[in-house]
Amino acid sequence: MQMPEPNSGVLSNKARIVARLRGVLAKDAVIDAPEETRAYECDALTAYRCPPLAAVLPASTEEVAAVLKICHEEGVPVVPRGAGTSLAGGALPTADSVILGVARMTEVLDTDYANRVIRVQTGRTNLSVTGAVEEEDFFYAPDPSSQLACAIAGNIAMNSGGAHCLKYGVTTNNLLGVTMVLMDGTVVELGGAHLDNAGYDLLGLVCGSEGQLGVVTEATLRILRKPEGARPVLIGYDSNEVAGQCVSDIIKAGVLPVAIEFMDRPCIRATEAFAHAGYPDCEALLIVEVEGSESEIDAQLGVITQIARKHDPVELRESRSAEESAKIWLGRKSAFGAMGQINDYMCLDGTIPVSELPYVLRRIGEMSKDYGLGVGNVFHAGDGNMHPLILFDANKSGDLEKCEAFGADILKLCVEVGGCLTGEHGVGIEKRDLMGTQFSDADMAAQMRVKDVFDPEWLLNPAKVFPLSASQAHRDAERDVAA
Amino acid sequence: MPSPVDEREVSDAVAGAEGPLRIVGGGTRPVGRPVAGKVLSAKGLSGIELYEPGALTIVAKAGTPLAEIEAALASANQRLPFEPSDMRRLLGRSGEPTIGGVVAANASGPRRIQAGACRDSLIGVRFVDGRGTVLKNGGRVMKNVTGYDLVKLMAGSYGTLGVLTEVAFKVLPGVEAQACVMIHGLSDVAAVAAMSKAFGSPFEVSGAAHSPAGEAGQSVTKLRLEGFADSVAYRAGKLRELLAGIGEITIEDDPDRVKAMWRDLRDVAPFHRREGDVWRISVKPSDGPAIAARAGGEALYDWGGGLVWVLVPAGTDLRARLGAFAGHATLIRASEETRGRMSVFHPEPAPVAALSEGLRRQFDPKGILNPGVMG
């Protein structure tokens, strides 16, 4: 992975920069000893590491603004960091960068049930937002699978999704407002407890911008009342095509499940050996969950099972109790862990049009043979967001590179059939160099012009999202125009 | 008047423009400051390009009539989640609303409170920027975080950042039944509290509006339920129990009457053919009654109290009356003279305005796309 050369001027000014940061933060909030900065050398994409110049842990918007103002003046790149759970290398430092972590900003600032919003500092974890409102039977809808650990800051940066977004949408659909600090230290308020915006939808632009436009310190989030209940049904098929057709027919029938999860045979076998959830040994397995009162659930599951039966399932198991529901979800929830028991794995995140599902699975199977690497597929079928898990051996020389090449081929396939490189993890550094398969140079330039507006010196979260050659060419051209 | 029929012609028209262009779809939402310029119509870019009911996705050229999209979706019992409004009667316009116009105005109706705005359903755009460059962002899949989200930026930008040529949406299943729970005689404050209570229940309210003028001299608060027939009946009963004691409650379950009721709310029917200016104010719901009181005039509440439509005498400087508040007010209907004189869109704080201006310069460096329409 190519990263830009660190700025030698910044490296040689380290002592002064650190001293200035110490001047605006609590004593223990500036970390610069090499043995301590190593804790920030990578995120959940552990294949790439680089200790930062320093790491800072501000406690308020004012402190974040003070830090950014100093870094701006000193020309220091800043890498914002939520909980460090990015699978795309979204928080990977460069050697000349300051990591700005929001881990100490975890307060709930306001809970407003009448208006169904909560205001939090963005270091708060996703699950603890729900934790703050569940005694009143409310919840925060986006549920990325890392929700126990991941921070709202990172959710906003990557526009995180989850298993339930078919009904509830992703982060951008549940985010009403932010306080954000620009790279020069300016604090802006976008949105609020009201809906929509006075002018351009800057909030929508910021959500999913991978920490490259500003550092979001506070967020107003939509909270919802929990449904009366939820229950899944498990359906097994002997063919991916048929399972895909079943998903399409359920949607066409007018039912809107909260989740439709899909697992293929390699994944079913791995999870069954690991979690013993009692899954059938079949080609494709669907878990479809619906919500409502008991009678509403019965009615919806009635429609779904009737459709499922028409396609001749090898297994159809409707949950009748909380225990049965937990058992149905058990395997799915342990799928990643189960694959990890077999080997190291890389988790991809492309999205495809649902109708292309059987073709894409068949092609992935063929590529798996060509590359000689195993792959299991588990994904959100209702919205086409795939999560192929490619197995490899990190200790075997060349295996990681082979795995990355296989992954790139799968993502190119996703784009080729009308989908995209990433559905919920973000581009980061991981998919940076594939952006050209989805976007023309002009499409990328349009996005980079947005970066020019928010962060003209390109100091925030550098070397992510856009191929280095493209961003360099763009900045050179802008400089020529300015000159 | 250039009336391009494909993206290339739009690109040529923009690249070759020697002065300001006034971008129009159906011309049914003349919102914003009046723009002088050569008309560039998107009407020639028409037609549904892809509709996959099983994937809940539709893609259409920007000039496609909204009615054509809605008819295609209805044939597969699906719909646009955000219930786009038809502003023709409010604004005294004829013509055919286009899907691109809906996106340019981020036009969202009563269901916005539950299902999100137009921008929440919009998953892809193609457009021509002010340099004449053809650009795309997003795509045709509903989960997509690849690169920056210019899709959201384009929604509600009133043609000032680019000329839309193609739009893609996530759609939703239609419904079997709908009902309206109506509470009679509530004050504005009590109505907003009742609507909040309903939204705070698990009964999936898909619309909540309050009309102080109401019917027969009594205010009416309306809560809409949609879904399978048994479920709607169950939830209507539950809501009646939940709200018992606060006022007289009736339930309307005739589908045609319920539909007509919400269509009227969506299109602000009570202000049709009435003298005066119409403003649209977005606040958090509990602030609705106070902001309506400050505005004076006649008010209508949607979005559980968070959207306040206000009818005031022509030429009223409503911003002076409202003062500073958390939210925004937009002047939707007024004479050209008034719209030229007042800030139609809510003024942004300086650092935000600087970002907006920076974006405008990047996407339209020559300043030719609907210049000044957003102030």
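Going through B:108, B:11, B:85 one at a time, which residue ends up being assigned to a helix (DSSP H, G or I), within 14 Å of another protein chain (Cβ to nearest Cβ) and either under 23 Å from the mean Cα position of the chain (by Cα) or modelled with pLDDT of 95 or more (or both)?
It is B:11.
Consider residue A:124 carefully, then state whether it is in the same structural domain as residue A:26 (by TED's automatic domain parsing), closer than 30 Å to residue B:205 by Cβ and at pLDDT 95 or above.
On the way: in the same structural domain as residue A:26 (by TED's automatic domain parsing): yes; closer than 30 Å to residue B:205 by Cβ: yes; at pLDDT 95 or above: yes.
Against the criterion (in the same structural domain as residue A:26 (by TED's automatic domain parsing), closer than 30 Å to residue B:205 by Cβ and at pLDDT 95 or above), residue A:124 qualifies.
Return the total of residues in the range A:298-319 being out of contact with any Pro (no Cβ under 7 Å at 6 or more places or on another chain), of a type in the set (Val, Ile, Thr) and surrounded by fewer than 22 Cβ atoms within 10 Å (Cβ to Cβ). Spell out the reasoning first.
Quick first cut of the range A:298-319, residues out of contact with any Pro (no Cβ under 7 Å at 6 or more places or on another chain) only: A:298-313, A:316-318.
Okay, now just the ones that are also of a type in the set (Val, Ile, Thr), so A:303-305, A:307.
Subsequent filtering for residues that are surrounded by fewer than 22 Cβ atoms within 10 Å (Cβ to Cβ) retains A:303, A:305, A:307.
The qualifying residues number 3.
I need every pair where a residue in the range B:237-250 that is without any contact (Cβ under 8 Å) to a residue 40 or more places away in the chain has its Cβ under 8 Å from the Cβ of a residue that is crowded, with 16+ Cβ neighbours inside 10 Å, sequence separation at least 6 or different chains.
B:238/B:201; B:238/B:203
Only one of A:89, A:82, A:123 is in contact with a helix residue (DSSP H, G or I) (Cβ under 9 Å, 6 or more places away or on another chain) and either acidic (Asp, Glu) or closer than 30 Å to residue A:257 by Cβ (or both). Can you tell me which?
Working: A:89 fails: either acidic (Asp, Glu) or closer than 30 Å to residue A:257 by Cβ (or both); A:123 fails: either acidic (Asp, Glu) or closer than 30 Å to residue A:257 by Cβ (or both).
None of the others qualify; the one that does is A:82.
Does residue A:270 count as of a type outside the set (Ser, Thr, Tyr) and crowded, with 19+ Cβ neighbours inside 10 Å?
On the way: of a type outside the set (Ser, Thr, Tyr): yes; crowded, with 19+ Cβ neighbours inside 10 Å: yes.
Yes: the conditions hold for residue A:270.
Identify, please: which residue in the range A:446-481 is of a type in the set (D, E, K, R), out of contact with any Lys or Arg (no Cβ under 7 Å at 6 or more places or on another chain) and in a loop (DSSP other than H, G, I, E, B) and is, among those, surrounded by the most Cβ atoms within 10 Å (Cβ to Cβ)? Show your work before the answer.
In the first step, residues of the range A:446-481 are kept if they are of a type in the set (D, E, K, R); the result is A:449, A:451-452, A:455, A:457, A:464, A:475-476, A:478-480.
Narrowing further to those that are out of contact with any Lys or Arg (no Cβ under 7 Å at 6 or more places or on another chain): A:449, A:451-452, A:455, A:457, A:475-476, A:478-480.
Still in the running and in a loop (DSSP other than H, G, I, E, B): A:455, A:457.
Numbers: A:455: 21, A:457: 13.
Result: A:455.
Quick one: how many residues across the range B:306-341 are within 18 Å of residue B:296 (Cα to Cα), under 22 Å from the mean Cα position of the chain (by Cα), more than 12 Å from chain A (Cβ to nearest Cβ) and in a loop (DSSP other than H, G, I, E, B)?
Final tally of qualifying residues: 1.
Search the range B:207-253 for residues being outside any helix (DSSP H, G or I) and among the polar types (S, T, N, Q), and hand back the single one that is farthest from the other protein chains (Cβ to nearest Cβ). Walk me through it before giving the result.
Applying the first criterion (outside any helix (DSSP H, G or I)) to the range B:207-253 yields B:207-228, B:243-253.
Now narrow it down to the ones that are among the polar types (S, T, N, Q): B:211, B:218-219, B:221, B:250.
On the way: B:211: 20, B:218: 25, B:219: 20, B:221: 15, B:250: 23 Å.
Among those residues, the one meeting the criterion is B:218.
Please name all residue pairs, on different chains or six or more residues apart, with Cβ atoms under 9 Å, provided the first residue is in the range A:418-443 and is at the interface with chain B (Cβ under 7 Å from one of its Cβ atoms) and the second residue is of a type in the set (Phe, Trp, Tyr).
Once the first residue is at the interface with chain B (Cβ under 7 Å from one of its Cβ atoms) and sits in the range A:418-443, its partners that are of a type in the set (Phe, Trp, Tyr) give A:423/A:379; A:427/A:466; A:435/A:466.
Considering only residues that are surrounded by 17 or more Cβ atoms within 10 Å (Cβ to Cβ) and in a strand (DSSP E or B), which ones fall in the range B:184-206?
B:205, B:206
List pairs: first residue in the range A:449-475 and away from every other protein chain (no Cβ under 12 Å), second residue among the polar types (S, T, N, Q) and outside any helix (DSSP H, G or I) anywhere in the structure, Cβ distance under 7 angstrom, at least six positions apart or on different chains.
Every condition considered, the pairs that remain are A:460/A:212; A:461/A:212; A:462/A:94; A:463/A:94; A:468/A:2.
Which residues, taken from the range B:274-291, are within 14 Å of chain A (Cβ to nearest Cβ) and either closer than 13 Å to residue B:319 by Cα or not basic (Lys, Arg) (or both)?
Once the filter is applied, which keeps residues that are within 14 Å of chain A (Cβ to nearest Cβ) and either closer than 13 Å to residue B:319 by Cα or not basic (Lys, Arg) (or both), the range B:274-291 yields B:279, B:280, B:281, B:282, B:283, B:285, B:286, B:287, B:288, B:289, B:290, B:291.
The values are calculated or read from the model by the stated rules, or taken from the named source; none is laboratory data. Just so it is clear, the structure is predicted and the values come from calculations on it, not from any experiment. All Cβ positions, glycine included, derive from the backbone under ideal geometry; neighbour counts span all protein chains shown.
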